[in-house]
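Have a look at the structure below, then the notes.
The values are calculated or read from the model by the stated rules, or taken from the named source; none is laboratory data. Bear in mind that the values here come from a model prediction, so they are computed numbers and not experimental data. Positions of Cβ are generated from backbone atoms using ideal geometry, with glycine treated the same way; all protein chains shown enter the neighbour counts. In case anyone asks, the SASA skips ligands and DNA or RNA and just uses the protein heavy atoms, side chains included. Shrake-Rupley method; radii C 1.70, N 1.55, O 1.52, S 1.80 Å.
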Amino acid sequence: MIRFHTLGVLDLRGPDGLELRSVLQQPKRLGLLAYLSIASPHRFHRRDSLLALFWPDLDQEHARAALRRSLYFLRAELGADVITGRGDDEVEVPEAALWCDATALDRALDQGDASQALELYRGPLLEGLYVTGASAEYQDWLDRERARLRERAAGAARSLVDRSEADGRLSDAARWARRAVELSPDDEGALRRLLVLLDRVGDRSAALRAYDQFVRRMAEEFELGPSAETNALVDVIKARVETVAPRARGAAESVAPDTPLPAGTIAVLPFSVRGDSRFAYLGEGMVELLATKLDGAGDIRTVDPRALLRLLAREDGTPAPPDARAVAEHFGAGRYLMGSIVEAGGRIETSASLYAADGKVLARVHANATGEDDIFDLVDELARQILMAQRVGPGTRLARLAALTTTSLDALKAYLMGERELRAGRYFDAMEAFQAAVDADESFALAYYRLSAAAAGCALPDLARELADRGFDHRQRLSPHDRLVFSAQRAWLHGAVAEAESLYNTITGTYPDDVEAWFHLGDLIFHSNPLRGRSAVEARGPFERVIRLDPDHVAAMVHLARISAIEARRGEMLDLIERILRVSPQGDQALAMRALRAFSGEDRAAMTRVAEELQEARAITVAIAFSDVALYAGNLGGAELLARSFIQVARSPELRALCHIVLAHLALAAERAEVARQELEQAEALDRAWGLEMRALFATLPFVQQTEGELHQIRRALEAWDAGTLAPSMFLIFAMHNDLHPAIRAYLLGLLDVRLGDLAGAAAQRAELGALQPELTGLAGSLEVELRATIARAEGRPEEALTLLERSRPELWFQLTVASPFFSLASQRFLRAELLNEVGRTAEAAGWYASIAERSPYELIYAPPARRRLMEIREARGRAGTPAGD
């Protein structure tokens with residue numbers, strides 16, 4: 001389904017998750033789509049009414065023509081089912097074809113789901129969209145809808161305030177009250193309710209800030225001041241005449257949680273207070289304040305403070321001295337916190353101790369404040385120290401380091417939430433949390449480091465590199481150890497594999513319990529080894545070290561499952577998949593792992609279920625699952641099934657072309673050359689550039705039979721194609737080749753010339769490649785080296801050809817090498833194996849042959865000839881009596 005975001009941000013994306021920029025760039029047609037999607041009640045709209053709204057200044061004929069063109073454009077870009085008609089005079093956007101956040105908000109509220117509605121409301125409807133030439137009636141409709149949706153959202157916030165307050169969840173009530181004020185900034189009643197709730201939870205400084213903001217805005221915009229009622233309330237808060245309200249005693253059995261709390265839950269007990277009696281409210285107040293601050297930081301949860309205080313209350317409402325261990329046991333909390341406050345001359349000294357359930361002291365923390373106005377800063381500092389003093393995330397030191405390198409508690413909490421999501425393999429959710437940490441502290445180097453890692457996990461290498469560079473600017477806040485970690489990640493992201501591997505080896509040698517360094521060393525080996533003629537299975541050692549240090553490390557288990565598949569250890573692979581799904585059943589890798597499990601066996605029903613789920617999944621999830629099925633399950637038929645099912649739901653010609661290209665690779669890997677040719681013809685009909693490049697690539701393969709006439713025909717088509725005029729692609733997998741098509745064309749023409757025996761022509765194409773890409777870096781440089789080596793081999797100089805390839809050190813980001821038949825360098829790697837075999841270095845050749853088809857489905861076409869060569873080498877070595885390990 002197409003997804004249309006209109007509230008606060010304008011975003012339109014197809015079923016594959018890609019931005020439909022062609023529509024977003026045309027305001028009038030976007031406005032028409034929005035009106036048809038949102039106008040209430042949802043119904044068919046007469047064309048005449050649309051003409052009056054969007055083309056009031058045109059005569060009937062021209063206006064109708066403009067509407068026809070707009071509807072044709074929208075159908076072409078979005079799909080025919082998105083704009084439907086009834087008769088000749090009415091059109092609509094069916095809700096089943098396009099999801100819109102504005103209509104989803106109405107639906108959520110009609111169903112009583114206020115929190116979902118507020119998640120959807122991110123700002124005014126169609127903010128920033130100006131439809132040139134539209135009528136005043138259209139603007140009136142837009143203004144009414146903006147006001148209506150904002151008021152509905154505000155009403156949702158108010159209802160959540162009521163619900164949270166009734167349930168005794170004052171912190172939640174205050175949060176929703178703040179949202180209500182944001183949505184209705186002129187509603188002084190909403191402001192007063194927020195002030196009362198903030199006062200009740202003890203966050204009086206936040207209450208006074210909210211009041212000051214309201215005063216300034218009213219003065220600037222309306223030259224008015226707050227009402228006497230509001231001022232009186234604020235005076236009460238300032239005077240602090242109220243202490244924490246006595247709690248009514250409740251039955252103990254009603255206080256206990258309905259479900260067991262996580263083992264890491266902390267029970268915050270009342271603090272003892274010595275000094276001026278006016279500070280007595282802090283004894284119970286610290287329960288509310290610290291519990292609220294700590295709750296939700298990574299895996300940490302806290303016992304509900306109201307429930308805890310109700311349990312402790314005497315009949316007269318005053319708190320009883322707590323039996324801390326009994327209270328923690330009552331709530332099922334694995335830890336408890338006790339502390340004291342000493343006031344002298346207005347200065348406040350605070351200390352607290354965190355205990356395990358058995359009474360063992362886990363940490364001691366201290367903080368002080370110069371006066372009552374600094375209480376909230378004191379609470380923040382205590383919470384930060386508590387987080388710093390324990391290992392929030394299993395097997396990782398970064399959580400403690402994060403607490404040392406940011407002074408923002410909001411940044412730290414967001415960071416720890418990101419760590420939790422990253423460990424569970426939920427990379428997109430982790431990105432959101434780490435971005436919040438960076439927003440809260442723009443100099444938070446570790447947040448940039450982890451945000452970059454999450455972006456890389458989401459297949460966003462450009463963003464990952466940019467974030468790593470930005471975070472690197474703040475590396476002075478890190479220790480020498482962590483600067484090494486940051487430098488290694490940055491080198492890896494920029495494709496400097498040798499430098500990154502050297503740094504990771506240094507880190508793991510010096511700090512053998514550094515989980516992150518071990519994982520990234522394994523990740524680097526897994527993805528880079530095949531580019532070096534070595535197997536990805538050499539990454540097993542680092543990944544197993546990660547699991548010993550952090551048994552629930554999802555990403556390491558995913559890699560180990562793939563390594564087990566490469567080594568044909570199916571039982572071990574299935575056990576690892578079970579562990580992954582148990583630890584992270586909803587993680588970004590879960591569906592791909594279920595696909596690997598299903599297509600590794602004979603369970604047809606499981607295969608069908610996974611295939612159906614993948615049709616609704618993110619594009620990156622689909623790509624990973626397909627690769628796992630093709631490479632690691634070794635199920636080419638299953639991979640073909642998936643690719644054909646994707647064609648049925650693919651809307652864009654580019655995506656359908658990609659499916660046919662993948663099917664061609666699968667067919668050739670199964671040595672069905674005629675089927676592969678037919679698939680490439682269909683791909684070329686959908687996307688001329690990619691279809692032609694793939695047809696030419698297949699023709700250059702030495703193990704594919706082609707007549708001389710066929711080679712000449714493909715060469716003429718390639719030579720006639722003007723690759724330099726190709727418009728940039730917005731489709732992620734094709735976009736990585738933007739600006740590279742002329743270089744790819746020269747490379748393919750050169751290889752075809754070699755096959756045709758025209759070595760002078762091949763040399764001319766190599767010179768053309770150098771003229772197109774003078775610096776010859778990245779992919780262009782690798783293509784030029786391969787073409788030179790191919791020419792040298794054809795001229796009878798295999799040693800020189802091999803030297804050219806051995807000197808080449810391509811610095812390519814691994815996700816590019818997985819997602820592209822050119823960036824994979826599979827052709828170059830197969831050539832290197834052939835040359836090693838020809839010059840008698842058969843042991844090295846075997847390594848290069850064996851490592852093909854361990855990383856990218858585009859390498860599968862080289863697998864059959866590579867297997868045959870391996871068998872020939874082993875048989876020859878067997879006849880010669882050479883030990884297999886030599």
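Kindly state, to the nearest 0.05, the FRET efficiency for residue 720 paired with residue 462, given R0 = 51 Å and r defined as their beta-carbon distance.
0.95
Axis angle, to the nearest 10 degrees, between helix 604-614 and the longest C-alpha principal axis of the chain: 70 degrees.
Ordering of 612-625, 191-204, 343-356 by packing is 191-204, 612-625, 343-356, highest average first (other Cβ atoms within 10 Å, averaged per residue). 3J(HN,Hα) along segment 492-500, derived from phi through the Karplus expression 6.51 cos²θ - 1.76 cosθ + 1.60 where θ = phi - 60°, amounts to 4, 5, 8, x, 7, 5, 4, 5, 5 Hz, with x in place of Gly and Pro. Seen against the Cα atoms of the chain and their longest principal axis, helix 826-838 is set at about 50 degrees. Each label was represented as a point 7 Å from its Cα along the Cα-to-Cβ direction; for residue 132 and residue 144 these points are 2.8 nm apart. In percent, what relative contact order does the chain have, based on Cα pairs under 8 Å that are 6 or more apart in sequence? Value for the chain: 6 percent. Rolled with a 1.4 Å probe across the full set of protein chains, the surface gives residue 289 an accessible area near 20 Å².
Calculated mean residue ellipticity at 222 nm for the chain: -19500 deg cm²/dmol, from DSSP H runs with n ≥ 4 weighted as -39500 (n - 2.57), summed, divided by the residue count and rounded to 500.
For the chain, the alpha carbon convex hull comes to 211 Å³ per residue, rounded to a whole number.
Highest-first packing order for the peptide set 136-143, 863-870, 88-95 is 863-870, 88-95, 136-143, based on the mean count of other beta carbon atoms within 10 Å.
Based on C-alpha pairs under 8 angstrom that are at least 6 apart in sequence, segment 649-756 has a relative contact order of 23 percent. Toward the positive end of the charge dipole of the chain, with +1 on the Cβ of Lys and Arg and -1 on the Cβ of Asp and Glu, the farthest Cα among 85, 861, 451 is that of 861. Computed from backbone phi with θ = phi - 60° and the Karplus coefficients 6.51, -1.76 and 1.60, the 3J(HN,Hα) list for segment 661-676 is 5, 5, 4, 5, 4, 5, 5, 5, 4, 8, 6, 10, 5, 5, 5, 4 Hz; x is used for glycine and proline.
Highest mean packing comes first when the peptides 630-640, 850-860 are listed by Cβ atoms within 10 Å, giving 850-860, 630-640. The base-10 log of I(q)/I(0) for segment 600-639, evaluated at q = 0.19, 0.20, 0.21 Å⁻¹, reads -0.51, -0.57, -0.62 [Debye formula, identical scatterers on Cα atoms, solvent excluded]. With axes computed from alpha carbons, what is the tilt in degrees of helix 282-294 against the longest principal axis of the chain, rounded to the nearest 10 within 0 to 90? With both axes taken from Cα atoms, the answer is about 10 degrees. Taking Cα centre as origin and charging only the Cβ of basic (Lys, Arg, +1) and acidic (Asp, Glu, -1) residues, the dipole magnitude of the chain rounds to 1660 debye. Considering only 590, 135, 701, the residue lying farthest towards the positive end of the dipole of the chain is 701, judged by Cα position with unit charges set on Cβ. The gain in end-to-end length when the residue 325 to residue 213 segment is fully stretched comes to 35.9 nm, 0.36 nm per residue minus the alpha carbon separation. Converting phi to 3J(HN,Hα) with the Karplus coefficients 6.51, -1.76 and 1.60 and the offset θ = phi - 60°, segment 703-719 yields 9, 9, 6, 9, 6, 4, x, 5, 5, 5, 5, 5, 5, 4, 4, 5, 5 Hz in sequence order, with x at every glycine or proline. Straight-line reach from residue 360: taking Cα to Cα under 30 Å and skipping same-chain neighbours fewer than 8 places apart, the lysines in range are 293, 413. Probing with 1.4 Å while keeping every protein chain in the model, the per residue accessible area of segment 791-850 equals 38 Å². Placing unit charges on the Cβ atoms only, positive for Lys and Arg and negative for Asp and Glu, gives segment 137-222 a dipole magnitude near 360 debye about its Cα centre. Got a sec? Charge dipole of the chain, +1 on Cβ for Lys and Arg, -1 for Asp and Glu; which of 369, 231, 496 is way out at the positive end? Ranked along the dipole, the leading option is 496.
For residue 211, what charge total do you get from the other residues with a beta carbon under 12 Å from its beta carbon, if Lys and Arg give +1 and Asp and Glu give -1? Charge balance in the 12 Å sphere: +2. For segment 622-714, the square roots a ≥ b ≥ c of the C-alpha gyration tensor eigenvalues yield an a/c of 1.5 or more together with a/b not exceeding b/c, which makes the shape oblate.
Tally up the carbon and sulfur contribution to the accessible surface of the chain as a whole percent, 1.4 Å probe, everything protein left in place. So the carbon and sulfur contribution to the accessible surface is 50 percent. The charge dipole of segment 430-560, taken about its Cα centre with unit charges on the Cβ atoms of Lys, Arg (+1), Asp and Glu (-1) only, comes to about 400 debye. Annotation: amide H-H contacts under 5 Å for residue 302 (H modelled 1.01 Å from N, sequence separation of 5 or more, or interchain): 266, 296.
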